[in-house]
Amino acid sequence: MRKTEILPWTEKWEKMYLEEENKLKAVFKDELIEIYHIGSTSIPSVGYAKPIIDILIVVKDIEKVNLFNDEMLCLGYEPRNEHGITGRRYFTKGKLKRSHHIHIFQLGNKNIDAHLSFKDYLNNNPEDAKKYGDLKKVLAKQFPDDTHKYQEIKEKFVDELIKNAVDWNAN
């Protein structure tokens with residue numbers, strides 16, 4: 001079972017993202033519209049994060065993403081299909097020691113705006129970013145061997161932050 005590990009924010013995560021970005025651009029080529037580093041590893045003011053790089057990829061046609069599964073497997077990514085979110089293609093890298101999560105959506109999907117608004121909101125609201133980082137530390141100590149429980153409780157806080165972020169971004 002995977003452990004819940006939370007580490008202090010580091011510039012190393014941006015470098016890991018950039019290395020992966022180049023590889024992913026080479027895979028998705030003409031299907032790719034945009035690629036972003038998202039999640040806590042992309043937000044220094046959060047202060048703490050699981051050392052997993054979240055990457056958001058925007059594509060022209062979500063139905064074509066499965067055509068790239070073999071190339072993604074060669075890069076070490078496991079295709080997970082929608083994995084609970086309609087209209088998404090999800091890939092993970094690393095079995096017990098995850099290093100990357102790829103979230104792919106077709107241009108126009110509402111989840112793109114939610115992810116980008118969340119990042120923008122936390123970058124512009126350091127108090128909320130710090131609260132989020134502090135919550136991660138507390139939950140990791142409370143549930144070191146239960147990533148699902150950690151995720152479940154954190155998700156309630158994140159849902160509220162996303163709501164605030166989308167409202168904030170609309171103004």
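The values are calculated or read from the model by the stated rules, or taken from the named source; none is laboratory data. All of these numbers come straight from a predicted model, not from anything done at the bench. Neighbour counts run over all protein chains shown; Cβ positions are idealised from the backbone, glycine included. Just so you know, the surface numbers come from the protein's heavy atoms only, side chains and all, with ligands and any DNA or RNA stripped out. Shrake-Rupley method; radii C 1.70, N 1.55, O 1.52, S 1.80 Å.
Ignoring ligands and nucleic acids, what accessible area does D167 show with a 1.4 Å probe (Å², nearest 10)?
80
Okay, helix-only estimate at 222 nm for the chain: each DSSP H run of n ≥ 4 adds -39500 (n - 2.57), divide by all residues, round to 500 deg cm²/dmol; what do you get?
So the helix-based figure for the chain works out to -15500 deg cm²/dmol.
What do you reckon, how do M72, M16 stack up by accessible area (1.4 Å probe), largest on top?
M16, M72
Please work out how much length the chain gains when fully extended from L18 to S99, using 0.36 nm per residue of separation minus the C-alpha to C-alpha distance, in nm with one decimal.
The span from L18 to S99 would gain 27.8 nm if fully extended.
Can you tell me which aspartates and glutamates have their Cα less than 20 Å from the Cα of K137? Leave out same-chain residues fewer than eight positions away.
The reachable aspartates and glutamates, counting only those whose Cα sits under 20 Å from K137, are E5, E11, D54, E127, D128, D145, D146, E152, E155, D159, E160.
Quote the charge dipole size of the stretch 20-171 about the Cα centre in Debye, to the nearest 20; the model charges only the Cβ of Lys and Arg (+1) and of Asp and Glu (-1).
480
Would you please give the FRET efficiency between R80 and L32, computed as 1/(1 + (r/R0)^6) with r the Cβ-Cβ distance and R0 = 25 Å, to the nearest 0.05?
Efficiency at R0 = 25 Å is approximately 0.80.
Restricting attention to the stretch 11-43, which GluC sites (Glu not before Pro) occupy a DSSP loop and are surrounded by at most 13 other Cβ atoms within 10 Å?
E11
Given a Förster distance of 45 Å, report the FRET efficiency between L107 and K156 from their Cβ-Cβ distance, rounded to the nearest 0.05.
0.95
So for the stretch 1-87, taking the charge dipole from beta-carbon charges (+1 Lys/Arg, -1 Asp/Glu), which of S42, N81, L7 sits furthest toward the positive end?
L7
Taking 0.36 nm per residue of separation and subtracting the Cα-Cα distance, what length does fully extending K149 through N169 add?
Additional length available on full extension: 4.2 nm.
Is there a pair in K23/K95; K23/K110; K131/K154; K93/K156 whose C-alpha atoms are over 22 Å apart, and which pairs would that be?
Exceeds cut-off: K23/K110; K93/K156.
What whole-number value in Å² describes the accessible area per residue of the chain for a 1.4 Å probe?
Result: 54 Å² of accessible area for each residue.
Given Y121, L32, I53, which one lies farthest toward the positive end of the charge dipole of the stretch 18-171, if we put +1 on the Cβ of every Lys and Arg and -1 on the Cβ of every Asp and Glu?
Farthest along the dipole direction, towards plus: I53.
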